[in-house]
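Structure first, commentary second.
Any read-out appearing in this document is the output of simple, stated calculations on the displayed coordinates, not a laboratory observation. Just so you know, these numbers come straight off a predicted model, no measurement behind them. All Cβ positions, even for glycine, are placed from backbone atoms using ideal geometry, and neighbour counts span all protein chains on display.
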Ligand code: FAD
């Protein structure tokens, strides 16, 4: 116990992370990996890494985030490998930018993997208590207060409390306070945060009822096995830690289901105006889908097992907050669910979130120094979006403690950069989730090259351990050598491989070509080319082989995107002062001044992305900055 001013502190930490969900665990692990003394303060140690909604990690856009978290030494991909019970590579027949990994996870195994990593992380303490208050002095956070009045001093605090702030759970017209089903809300903290100079609003999200698999007729459902060979999430994984693999299943809603839903809308909290928060557009409730797509008489439902040691299944696609009696009827109207027993009712939850435009790219709040926000409280939805922000907030909290400059990935470096830039520049009016279409340089931001984009930076920051660093360098070496070999292998009319090559190509070879030139042709794959005796063998490491193929085939497009990025770079690096009164710049319209004053962008690049900020306004801004020297 020590005393600072009027406060008696139980203990001192460099970084205190509040909340042990997906953002909080990545934040705490990142700051501890960087060697600073970290505390993870959470309601309940048993719920560390708990998946509040569907037990799955990854998917298009989200899988990209998981691989990026992994490249920076994070936990999510490793836990998904240890907990995944059905793995798929989505869009595998499409271009490399949109290919993505997805794993159905066993909730218990996933949580156990996260907890094991937390418990074995040096520099990290866990403590189970609700955080009820933040201690803020002269616009700087200096500590936190727990429910039992215990005070911890902190140089920086990362807040990651998910859907718990002022959480209100709705099932039909019944509602009660809760952080998610089975957990209390964080009302004291919510009240306290509303007193701080931060813009707060309400959002909502929902979850489907869960069903006992023993009451489902699987013989009428369509089976969906995982892929073989089983995809792997982590760069460090080899698949040996994957548990037993099982199938998911598919069924559909029908016209009767839709009639039941329409009949229950007068008791729906969403359609009767009880819920005010805006829900996720891309993960809508079944009542939303039925109303918005009235011409569709069927919607797909993925029947996903919740784990290897439970009978509960998650019917993905029928999230609902209709009254429980309507839930029972609608579920039982679905093929295969005629005798279904619901183990947990579906519900919606409304919660407080903070306007992310009040955050810097480092996820530090603009108004309270040392206070960082990550996860659902910034208006996002999804474990992967939360984990990505947690990692960036945690590493920046640690950098600040170390007296170093903040770092966050740029839009052209990572989906993490796109996510944080979108949030902090544009804000959000509905729960934000990641899509590949949000990235302007998506051919560069692929799942397969997340390690190449970020491992080196992660190593510099102190996030990447020796084993990962060594394996990464071996892979890079193998790629470079193989590219050189292909570039200097020339095939001419007397070459031993020429007949085999001519069988693969559309137009036979008439003059000397390199193996690299051949690989650029769309009809030839690296694997096929390397099967030719005189050209092979292929690289042993399938990840390195994939890189050689993609980098060669898409070299032209990649170079063009890199040129565009180089042109944009100047604006991204030109910093703007904060706080700054834009009315002092002559010639800017009132609208532009109002927008820039409200946003307080950190760079000219960010200013240019705010809607309504014209290229002419940016020119005036640049002239002004030049004058200031
Ligand atoms: P959480 O995972 O919610 O973790 C917050 C943590 O903070 C918890 O451990 C909690 O105990 C702790 N905590 C809270 N307050 C305090 C306090 N005062 N003191 C100490 N600890 C505290 N995502 C999707 O992608 N698709 C969906 O369809 C979807 N549906 C959802 C439905 C529901 C009902 C819910 C609840 C969530 C849903 N989500 C969905 C969102 C997904 O669960 C979250 O995006 C993700 O869990 C956010 O991670 P987080 O770390 O920000 O917060």
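Using 0.36 nm per residue, how much length does the chain from residue 108 to residue 485 gain when fully extended, once their Cα-Cα distance is taken away? Provide the component values of the computation, followed by the final result.
Values: separation 377, 0.36 × 377 = 135.72 nm, distance 4.69 nm.
The span from residue 108 to residue 485 would gain 131.0 nm if fully extended.
Please work out the C-alpha center-to-center distance from segment 69-93 to segment 558-622 and express it in whole Å.
Here the two parts' Cα centres lie 37 Å apart.
Can you divide the C-alpha Rg of segment 574-628 by 2.2 N^0.38 Å and report the result to two decimal places?
Relative to the 2.2 N^0.38 Å estimate, segment 574-628 comes out at 0.96.
Between residue 344 and residue 12, take the C-beta separation as r, use R0 = 51 Å, and let me know the FRET efficiency to the nearest 0.05.
Plugging the Cβ-Cβ distance into 1/(1 + (r/R0)^6) gives 0.80.
Sort 321-327, 79-85 by packing, meaning the average of other beta carbons within 10 Å per residue, with the highest value first.
79-85, 321-327
Suppose the Debye formula is applied to equal point scatterers at every Cα of segment 210-350; what is log10 I(q)/I(0) at q = 0.11, 0.21 Å⁻¹?
Normalising to I(0) and taking log10 leaves -0.47, -1.28.
Please compute the alpha carbon radius of gyration of segment 278-342, then divide it by the globular-protein estimate 2.2 N^0.38 Å. Two decimals is fine.
Taking the Cα Rg and dividing by 2.2 N^0.38 Å, one obtains 1.18.
Using only the Cα atoms of segment 44-169, what are the Rg and Dmax in Å?
18.0, 57
Which ordering of 595, 606 is given by a fewest-first count of other beta-carbon atoms within 10 Å?
The most exposed by this proxy come first: 595, 606.
Going by Cα centres, segment 313-357 and segment 238-304 are how many Å apart?
Between the Cα centres of segment 313-357 and segment 238-304 lies a distance of 7 Å.
May I ask you to sort 163, 584, 381 by Cβ crowding, counting other Cβ atoms within 10 Å and putting the fewest first? Display every interim value, and only then the final one.
Details: 163 29, 584 9, 381 23.
Final ranking by Cβ density, sparse to dense: 584, 381, 163.
Which of 296, 586, 360 comes first, and how do the rest follow, when ranked by fewest Cβ neighbours within 10 Å?
586, 296, 360
Between residue 176 and residue 295, with labels modelled 7 Å along Cα→Cβ, what's the label distance in nm to one decimal, could you check?
Placing both labels 7 Å along Cα→Cβ, they lie 4.3 nm apart.
Over the chain, what lengths in whole Å, largest first, do the semi-axes of the equivalent ellipsoid take, defined as the square roots of 5 times the eigenvalues of the alpha-carbon gyration tensor?
So the three semi-axes of the chain are 40, 35, 25 Å.
Pop a pseudo-label 7 angstrom from the Cα along the beta-carbon direction at both residue 406 and residue 597 and give the gap in nm to one decimal.
Taking the simple label geometry, residue 406 and residue 597 are separated by 2.3 nm.
At 0.36 nm per residue, and after removing the present C-alpha to C-alpha distance, how many nm does the segment from residue 619 to residue 202 gain when stretched out fully?
Contour length minus Cα-Cα distance gives 146.4 nm.
If you take every DSSP beta bridge fully contained in the chain, what fraction is antiparallel? Give it as a percent rounded to 5.
70 percent
Restricting things to alpha carbons, tell me how big segment 489-560 is in terms of Rg and Dmax, in Å.
Here Rg and the maximum Cα pair distance are 12.2, 36 Å.
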